[in-house]
1. With the dipole of region 177-289 worked out from charges on the C-beta (+1 for Lys and Arg, -1 for Asp and Glu) around the Cα centre, which of PRO226, GLY237, ILE272 lies farthest toward the positive end?
2. Give the ranking of LEU269, LEU186, LEU289, LEU240 by solvent-accessible surface, highest area first, calculated with a 1.4 Å probe.
3. Kindly sort MET249, MET366, MET210 by accessible area of their heavy atoms, largest first, with the probe set to 1.4 Å.
4. What is the diffusion coefficient of region 154-243 in µm²/s, taking the Kirkwood radius over Cα pairs and the Stokes-Einstein relation at 37 °C with a viscosity of 0.692 mPa s?
5. Accessible area, 1.4 Å probe, largest first: how do VAL173, VAL295 sort?
6. Once each part is reduced to its C-alpha centroid, what is the distance from region 257-333 to region 188-251 in angstrom?
7. Would you kindly state how much longer the chain becomes between ALA151 and ILE350 on full extension, computed as 0.36 nm times their sequence separation minus their alpha carbon distance, in nm to one decimal?
8. Need the full-extension length gain, ALA262 to VAL164, defined as separation in residues times 0.36 nm minus the C-alpha distance. One decimal, nm.
Amino acid sequence: MSDKSPKPQEPDTDVHEDPNEPAFDWMKPKASSGASSAAPAGKDVPTAAAAQQSPAAPASTTTGSTPAASASSGTASTTSAGTGQPESRADRKAAEAADTEAEPPLFADTLASTSTEKQPSHYSEPLPTSALQVRPPEDEVARRNAEREQAAKVKPIGPRVFQVLLAVFFPVVLLVLAVRAVTSPLFLWVEYNRPGFPGDGYGFSTDDRMTYGSYAVDYLSNWAGPRYLGGLVNQDGAKLFKDSEVAHMADVKLVILSSFGAGLLLIILSIIAIIYLRKRSSGGVRRGLFAGSIVTLVIIIGLAVLAALSWQQFFTEFHRIFFANGTWTFSLEDTLIRLFPGQFWVDAGIVIGALVFLAATLTFIMTWPTKRRRGVAGTESDGETTREPEEAAGLTAHEHDVKESTDAKR
């Protein structure tokens, strides 16, 4: 071998004969098996031809090798090419890819399979209230609607009770107020000074009657004891009222003060009922007073008819209700009869009935259920608070059921 002869290069390290070395084929997508097998087969022919033109032949010639050695070398190359044994690294890798199934790429295959197999599906964790979006059965919806309508028709008991109480209290309160108006010095003065009032046949003048009568009327409404009347004397120094008269006046005082106390209590309860009805029942006060005025008119008209048919019988039965027999009858010479004759009680009964009748009539007219008053009362009746319809709020039956279930869970 001369110094000028070219140095042989090993096939495995010759980069000029294999410029397309697939050093990064593992990062490329996997090709089909047919293409993989076809590519190496196509490379076998040029590879074998290149093997015949490898530096082995010039080397053997330069070194003076015999033709037999060349022939044997050519035979080996032919045999190597015939058997498919690649001489370069690229050929070996191609042969390996053709003989065995290549492993899928580490990243490319994963991305490709993910992009092809992944479906465009959106997954989200179900919300706690997702089951509420399921519409209940039709029979369940119908049952709930029926129960809702039945509940809407049921009227609260509280407002109705207060309306009844207001209607019952109204006539009693009017009667007590009328009695209080009669048991006053003003009414006494009007009676003694009105034309036609009978005079005293035993010597009492109008002034005497006014003075002594005022003591009796004041005694009925104050907290004084029986001595308030028992200690009075007339002009000749004798007692003005007998003991029986004082005892009867004490009984009358007890009845009057009891009625006044009951009337005051009923007034307080009526005010409470009015406040309650104004807050809980639109129009409840009007309905209660309207019913009370009707009851009052019926009662006062009935009593007026009985009194007109037989005043004496009516007066007697009235005293029997509140007083014991024999404690309320006196002679014409007694002071109570001279101060308060029969005409006085007739006039007092007429005034009481007229005052009650007038107040009840005015209340009846002012609370009459006209269309305007019923419109002012609104859509609520008898304490029933109307609900805004779900249709007006834009809610369907299903949405209303969902809303009720959500509120119940909260």
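The values are calculated or read from the model by the stated rules, or taken from the named source; none is laboratory data. Note that the coordinates shown come from a computational prediction; the quantities given were computed from them, not determined experimentally. Every residue, glycine among them, receives a Cβ derived from its backbone with ideal geometry; neighbour counts consider all protein chains shown. These accessible areas exclude ligands, DNA and RNA; they are computed on the full protein's heavy atoms, side chains included. Shrake-Rupley method; radii C 1.70, N 1.55, O 1.52, S 1.80 Å.
1. In region 177-289, that residue is ILE272.
2. If we order LEU269, LEU186, LEU289, LEU240 from most to least accessible, we get LEU186, LEU269, LEU289, LEU240.
3. In descending accessible area the options line up as MET366, MET210, MET249.
4. 198 µm²/s
5. Sorted by accessible area, descending: VAL295, VAL173.
6. Comparing the Cα centres of region 257-333 and region 188-251, I get a distance of 27 Å.
7. 66.7 nm
8. Going from the current span to full extension adds 33.5 nm.
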